[in-house]
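For reference, the structure discussed in these notes is given below.
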Amino acid sequence: MFHQIWAALLYLYGILLNSIYQCPEYSQLTTQGVDGKEFPEPHLGRWYFIAGAAPTKEELVTFDPVDNIVFNMAADSAPKQLQLRATIRTKNGLCVPRRWIYHLTEGSTDLRTEGRPDMKTKLFSSSCPGGIMLKETGQGYQRFLLYNRLPHPPENCVEEFRSLTSCLDSKAFLLTPRNQEACELSSN
């Protein structure tokens, strides 16, 4: 009898705890158009990749050789498109340039990556100054990525991201070392 009462009390305590502690909400950014009216101008420009989180380590393995990544997001000359250029500094010191085209989705906050029809990217705000969070989903993976205007944002920004993504069932976490100087972004 005592064990049944104890189990019931623990069960009720768990329900109470779950009702008090809820995952924080994260608000989506608008991604319609790039004329400055619908796509927030502050989200164009230079970004540094800070951290990633995913349900499994396999979904983050692509970032294992990375020391740091610097990105530039700009409006494309074609309507409803964004250009994303990046230079990846590997842990062995190499600089690897990359380039993507994002297509804005009408009536949605989804970004579609050219040449990757299975990949979907959503932008989210971050309470961290100068921060933004992306959620990438594709065939067999889902991951959250933290970017900031600064290569070394305040530690509490990283901890907040880790806490939020943990609450969203991301068990694996990766923090880029950022020990080396970022590579220069190419202009083409």
Is there a residue being surrounded by 20 or more Cβ atoms within 10 Å (Cβ to Cβ) and in a loop (DSSP other than H, G, I, E, B) anywhere in the stretch 130-153? yes
When the residues of the stretch 164-179 are narrowed to those that are open to solvent by 60 Å² or more (accessible area, probe 1.4 Å) and polar (S, T, N, Q), which ends up nearest to residue 125 (Cα to Cα)? 166
Residue check, residue 124 touching a Lys or Arg at 6+ places or on another chain (Cβ under 8 Å), among the aromatic types (Phe, Trp, Tyr), open to solvent by less than 60 Å² (accessible area, probe 1.4 Å) and not in a loop (DSSP other than H, G, I, E, B): yes
Among 106, 159, which is the only one that is free of Cβ contacts under 8 Å to residues at least 12 places away in the same chain and open to solvent by 80 Å² or more (accessible area, probe 1.4 Å)? 159
Kindly indicate the residue of the stretch 49-69 that is touching a Leu at 6+ places or on another chain (Cβ under 6 Å) and among the aliphatic types (A, V, I, L, M) and also farthest from residue 178 (Cα to Cα) among those meeting that condition. 54
Looking at 60, 111, which one is among the aliphatic types (A, V, I, L, M), open to solvent by less than 10 Å² (accessible area, probe 1.4 Å), out of contact with any Asp or Glu (no Cβ under 8 Å at 6 or more places or on another chain) and at pLDDT below 95? 111
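The values are calculated or read from the model by the stated rules, or taken from the named source; none is laboratory data. Owing to the predicted nature of the structure, the values given are computational and were not obtained by experimental measurement. Glycine also receives a Cβ, built like all others from the backbone with ideal geometry; neighbour counts cover every protein chain displayed. The accessibility values were calculated without ligands, DNA or RNA, using every heavy atom of the protein model including side chains. Shrake-Rupley method; radii C 1.70, N 1.55, O 1.52, S 1.80 Å.
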